[in-house]
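A quick write-up on the structure given underneath.
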Amino acid sequence: MKLDHETCYRAVQARDRRFDGRFFTAVLTTKIYCRPICPAPTPKRENCIFLPCAAAAHEKGFRPCLRCRPEISPGLFAQFEGAAVVSRALNLIAEGTLDDGKVADLAEQVGMGDRHLRRLFTEHLGAPPLAVAQTRRILFAKQLIDETSLSMTDVAMAAGFMSIRRFNEVMQKTYQRSPRELRRIHVPENPENSPTPAEITLKLPFNPPYHWSALVRFLIPRVIPGVEAVGSNFYCRTICLDGLHGIVEVRPVEGQNHLLAKIRFPKLVAIAPIVEQLRRVFDLNANATEIAAHLERDPLLRDRVLALPGLRVPGAWDSFELAVRAILGQQISVAAATKLAGRLVETHGEPLNLETPTETPLQRVFPRPEVLAIADLTQLGLTRARAKAISSLATAVVEGQVLSSFSSLESAVQTLCELPGIGEWTAHYIAMRALREPDAFPATDLGLRRSLSPNNPLTKTQLLEMAQSWRPWRAYAAMYLWLSEGLEE
């Protein structure tokens, strides 16, 4: 990844937030690396080198700044044009693929050899995959130290370290301070935060702008009764990981460049994957400024893009859940699909089981694939074809055939379309929201075809031709088209 030295230095001088997360400044004299918005005095130009990610700085022996806190920098490097394989691999690393596995296993999941994957990482990020995974653990541990009152043993466990001894060694080497000394430097803003290891509150940073109201406007009609609750200033839902239940709640913070996540879950080692999944649900790694600049070049999109600054593509907590919802929504209204999803959860979802009960309107977790694979879904009012489609999907997920990693958008769509009852629209919708493919585009969608020509809907071919100039961000273009009409700011 090439960074222009003069452009980066001017951004550092201006402390321009638009560049936060796009690069880090490593200072040769202090051996410290910082975000572009660091409040410290700007170092001399000749003492600066600019690196694309924190892992590259760690690889070169620089340590994180304690003032600007690189651990809460937006993760914009996780999604960039021209490096789709690296982006997919980064998502898998964030999900913990390298915590127990090897680079060869990671490379196989993205469809290439491990040597070639290492070369791509070095080319685009300046650091190999293992260094990226290690840096991720270090920075997440630092955030837990700063923002929670978890014990150091719990911090080490939650961040993915295999032992407290290893955790202490790595943190001392990285920060030249012990974990306990780091906590004395940064006292949690909320002294009551994390009264128990099962409940913590963390910041989820993003690069502004962020159009929260547009995102919840899209989600509110699609709320699954009993599983989710969405309002103008919150998103809340039940979760199930490894058979354990929990609740997550996310809220915007006025005037701040982060969302606030409250996580209630009994297993500490799951905290990092939960945080990463929430980042995907709320599309926090997107470089909204870059995407908008690309799409507004098209006169047909310009006004829509300008009207919705910071629009994101809502992700999904669980790929299987989203895929089932997509099948339920085929050729019927959003309201009808939501009603069917509620019936499905009420009949086949497990009752919410928390170790420490709490008052909540959320009562169930979404049904597991193993359950829906053998359930008689026609009793819910589904057609036989739609019931078969969901059963077939559930069986394929249980067998590990779909909704895992793919080497390309095309391979994902092709694999999904091979399942009974899943066509092109459903496959692209799943790829767009569940698989986080930024160029997924359900071109057969009637709403999209009408949005640019209300009186005479475009054909699929016409829309695809028009959308060529929107690549590689067609999923975002779809969101602008879906939401721009009548959106209340």
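A few remarks follow.
- Being at pLDDT 95 or above and within 22 Å of the chain's Cα centre (by Cα) is a property that Ile138 has.
- Taken over segment 424-460, the criterion of being modelled with pLDDT of 95 or more and loosely packed, with under 14 Cβ neighbours inside 10 Å is satisfied by no residue.
- Checking each residue in segment 136-166 for being over 19 Å from His58 (Cα atoms), charged (D, E, K, R) and open to solvent by 40 Å² or more (accessible area, probe 1.4 Å) picks out only Arg165.
- Conditions (1) part of a helix (DSSP H, G or I); (2) open to solvent by 60 Å² or more (accessible area, probe 1.4 Å); (3) in contact with a strand residue (DSSP E or B) (Cβ under 6 Å, 6 or more places away or on another chain); (4) not acidic (Asp, Glu): number failed by Ala385: (3)
- Residue within segment 45-56 that is more than 25 Å from the chain's Cα centre (by Cα), free of Cβ contacts under 8 Å to residues at least 12 places away in the same chain and surrounded by fewer than 23 Cβ atoms within 10 Å (Cβ to Cβ) present: yes
- Of the residues making up segment 294-344, those that are part of a loop (DSSP other than H, G, I, E, B), under 27 Å from Gln363 (Cα atoms) and among the basic types (Lys, Arg) number 0.
- Of the residues making up segment 224-247, those that are crowded, with 19+ Cβ neighbours inside 10 Å, assigned to a loop (DSSP other than H, G, I, E, B) and on the phi < 0 side of the Ramachandran plot are Ile224, Val227.
- Boolean, Phe23 is crowded, with 17+ Cβ neighbours inside 10 Å and within 24 Å of Leu144 (Cβ to Cβ): no
- Any hit, segment 93-103, residues being among the hydroxyl-bearing types (Ser, Thr, Tyr), over 18 Å from the mean Cα position of the chain (by Cα), buried (at least 18 other Cβ atoms within 10 Å of the Cβ) and modelled with pLDDT under 95: no
- Condition check for Asp283: among the charged types (D, E, K, R) and surrounded by fewer than 22 Cβ atoms within 10 Å (Cβ to Cβ): no
- Options Gln134, Gln143: the member that is among the polar types (S, T, N, Q), touching a residue at least 60 places away in the same chain (Cβ under 8 Å) and touching a strand residue (DSSP E or B) at 6+ places or on another chain (Cβ under 9 Å): Gln143
- Looking across segment 345-381 at every residue that is assigned to a helix (DSSP H, G or I), surrounded by fewer than 18 Cβ atoms within 10 Å (Cβ to Cβ) and not aliphatic (A, V, I, L, M), the one that is nearest to the chain's Cα centre (by Cα) is identified as Glu370.
- Subset of segment 18-38 (residues that are modelled with pLDDT under 95 and more than 18 Å from His258 (Cα to Cα)): Phe23
- Sub-7 Å Cβ pairs linking a first residue in segment 165-179 that is on the phi > 0 side of the Ramachandran plot and in contact (Cβ under 8 Å) with a residue 24 or more places away in the chain to a second residue that is surrounded by 12 or more Cβ atoms within 10 Å (Cβ to Cβ) and outside any helix (DSSP H, G or I), at least 6 apart or interchain, are Gln176/Arg63, ordered by first then second residue.
- Qualifying residue in segment 30-46 (condition: in a helix (DSSP H, G or I) and touching a strand residue (DSSP E or B) at 6+ places or on another chain (Cβ under 8 Å)): no
- When the helices (runs of 4 or more DSSP H) confined to segment 93-169 are screened for residues that are within 22 Å of Glu71 (Cα to Cα) and touching a helix residue (DSSP H, G or I) at 6+ places or on another chain (Cβ under 7 Å), those reaching at least 2 such residues are found at 97-100, 114-125, 129-147, 152-159.
- Within segment 448-466, being touching an Asp or Glu at 6+ places or on another chain (Cβ under 9 Å) and touching a residue at least 24 places away in the same chain (Cβ under 8 Å) holds for Ser451, Met466.
- Single residue of segment 107-135 satisfying the filter (open to solvent by 10 Å² or more (accessible area, probe 1.4 Å) and among the hydrophobic types (A, V, I, L, M, F, W, C)) that is farthest from Leu51 (Cα to Cα): Met112
The values are calculated or read from the model by the stated rules, or taken from the named source; none is laboratory data. Everything quoted here is computed from the prediction, not taken from an experiment. With ideal geometry, Cβ positions are generated from the backbone for all residues, glycine too; neighbour counts draw on all protein chains shown. Heavy atoms of the whole protein, side chains included, go into the accessibility calculation; ligands, DNA and RNA do not. Shrake-Rupley method; radii C 1.70, N 1.55, O 1.52, S 1.80 Å.
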